[in-house]
Structures are given as C-alpha cells and as structure tokens.
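One structure is given below, encoded as structure tokens.
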Amino acid sequence: VSPPPLLQFTLRDGTPIALRPIVPADRDRLLEGFEHLSETSRRLRFLGSVTSLSEAQLDYLTSTDGIDHVAWGTLDLSAPDAPGFGVGRWIRLGPESRIAEFSLTVLDDVQGHGIGQLLLATLAVIAESLDVDVLRGYVGRENTRMVSWLQRLGASTQEEDTDLILDIPVPPDATTSSSAAEFVALMEEIHAAIREQRQGWDDEL
Ligand SMILES: CC(C)(COP(=O)(O)OP(=O)(O)OC[C@H]1O[C@@H](n2cnc3c(N)ncnc32)[C@H](O)[C@@H]1OP(=O)(O)O)[C@@H](O)C(=O)NCCC(=O)NCCS
C-alpha cells in the first residue's frame, strides 16, 4: 500500500501548507480542531447546533476508504503537532454514484487565506479521478459567502427548507468566472503535485 502523499503548497500570503488524506490516527487532531472551532463555524459546517463530536462521529469522520469517502486535512508545517488548518471531505451518495456530498471546515483564525479553496480543489481532483462529476454542498442560506463562492464556481442551486443544495460541476468550467479559472488552474497544480509524488515512490521501488 502506498504511503499517503504529503502535498506541499504555499498560500497567497506565503504560509507553507501541506495536505494529506485523513487516517484513523487523526482522531485526536480532528477533535482538537473541532474544539477550536467557533460556534458559528460549527453551525455552518454541521447545519445545526453541534457542540461536541461523539465517539461514533469521530469513527465515521476518520474511517475514509479513498473511494466512496475521501477526506484530506491541511497541516501547518511550522507546527506539525497542531490540529492543522482545516479539513475537506466528500462522501459518494451511493455505490457508484457520480455525485458526492462535500463539506469544508477551516479554523476561524485562518479563514480567508485560500485554505478552503485549496481543500475544495484537492477534493475536486480526487473526485475527477474516481468518476465523481458533481460535488454537492448543503449550505445554510445564511452562509452567503460560501453560497456566492460556489456560485462563482458555476454551482447550480436548489432550495431545500432552510438550506441550499449547490452542485458544482467537476471540473468547473474555467470560463464561468475568474474564480473558476483560478480554481481550475489550482486543480492542475494539485494534479501535477500528486503525479510528481507518485513518480517519486515508483522511482524508490
Ligand atoms: C467556508 C470556508 C470553508 C471557506 O474557507 P476559507 O479558507 O475561509 O476560504 P478561502 O480563503 O479559500 O476563500 C474561498 C472563497 O471565499 C471568498 N472569501 C474568503 N473570505 C471571505 C470573506 N470574509 N467574505 C466574503 N468572501 C470571502 C474568497 O474570495 C474565495 O472566493 P474566490 O476564490 O472567488 O475569491 C470557511 O470559511 C469555513 O470553514 N467556514 C465555516 C464552516 C462552513 O461554512 N463550511 C461550509 C459548509 S460545508
């Protein structure tokens, strides 16, 4: 089995950041991150008042299979033992479905620095390689920033009670907006980084 890739990037503000798939050993890290999350961010992420994560939820959130349940986390390379900056995941709607529901969480202190974009673009690259062509987000109506961002990426919008269902095509159409063009360019960069990483392992074998 290949070791999980550790992809390294630099955020727009120069902060070095690494990404890798979530593994069961990330349980404590995930819990610590959740405990650092503001009430508002918890509500926007879980669409309800979630004040703690149960053992069963932690099991679920860390038991990815890389095919139907994919989750990647970011690491702060200057503080490798810290919970990291955020997590993105998608879960296929059903066996062999080409639609997967995604979620994103970035810690409050580091929101607005491009981490969410990097996570979502990584999710999209993995989705593309696993025959998922729609990433579906359930987003609270009050989360206007998230809604307008996903719409800039070309998401279609349906209403469901108090939430919106936003379906992003994978890959987004780069001609939709400058955000979509930037996103697609980032996907290409991530794709190249994964390829390079895999090549490195093959050379070592
Ligand atoms: C939503 C969330 C994941 C975004 O992550 P982030 O790292 O803050 O986002 P980024 O810095 O990558 O920016 C993503 C987009 O939002 C825009 N954005 C960032 N900060 C913004 C702000 N304060 N106001 C408006 N737009 C903003 C960016 O411009 C970018 O859009 P663009 O690419 O078209 O320019 C993060 O804020 C979060 O965890 N929120 C709480 C949980 C949540 O709402 N999850 C989503 C439901 S699953």
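Here are some notes:
- Filter result for Pro80 (touching a residue at least 24 places away in the same chain (Cβ under 8 Å), under 29 Å from Gln197 (Cα atoms) and loosely packed, with under 13 Cβ neighbours inside 10 Å): no
- Of everything listed in (1) over 21 Å from Pro172 (Cβ atoms); (2) buried (at least 17 other Cβ atoms within 10 Å of the Cβ); (3) within 9 Å of the ligand (Cβ to nearest atom), the single unmet condition for Leu153 is (1).
- Subset of the range 42-77 that is under 18 Å from Tyr138 (Cβ atoms) and exposed (fewer than 12 other Cβ atoms within 10 Å of the Cβ) - its residue that is farthest from the chain's Cα centre (by Cα): Ser49
- Counting only strands (runs of 3 or more DSSP E) that sit completely within the range 117-205, those holding 1 or more residues that are over 22 Å from Leu107 (Cα atoms) and of a type in the set (D, E, K, R) correspond to 156-160, 163-169.
Residues are listed down the side, and each one gets a yes or a no for (1) more than 19 Å from Ile17 (Cβ to Cβ); (2) within 11 Å of the ligand (Cβ to nearest atom):
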| position | (1), (2) |
| --- | --- |
| Pro169 | yes, no |
| Asp173 | yes, no |
| Ala181 | yes, yes |
| Ile190 | no, no |
| Glu196 | no, no |
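- For the range 5-28, a residue qualifies if it is under 29 Å from Glu188 (Cα atoms) and more than 16 Å from the chain's Cα centre (by Cα), and the qualifying residues are Thr10, Arg12, Asp13, Gly14, Thr15, Pro16, Pro24.
- Filter result for Ile17 (among the β-branched types (Val, Ile, Thr) and either without any contact (Cβ under 8 Å) to a residue 12 or more places away in the chain or over 19 Å from Ala192 (Cα atoms) (or both)): no
No lab work stands behind these numbers, since they all come straight from the coordinates. Please read these numbers as outputs of a predicted model, since none were measured by experiment. Cβ atoms come from the backbone with ideal geometry, glycine included; neighbour counts cover every protein chain shown.
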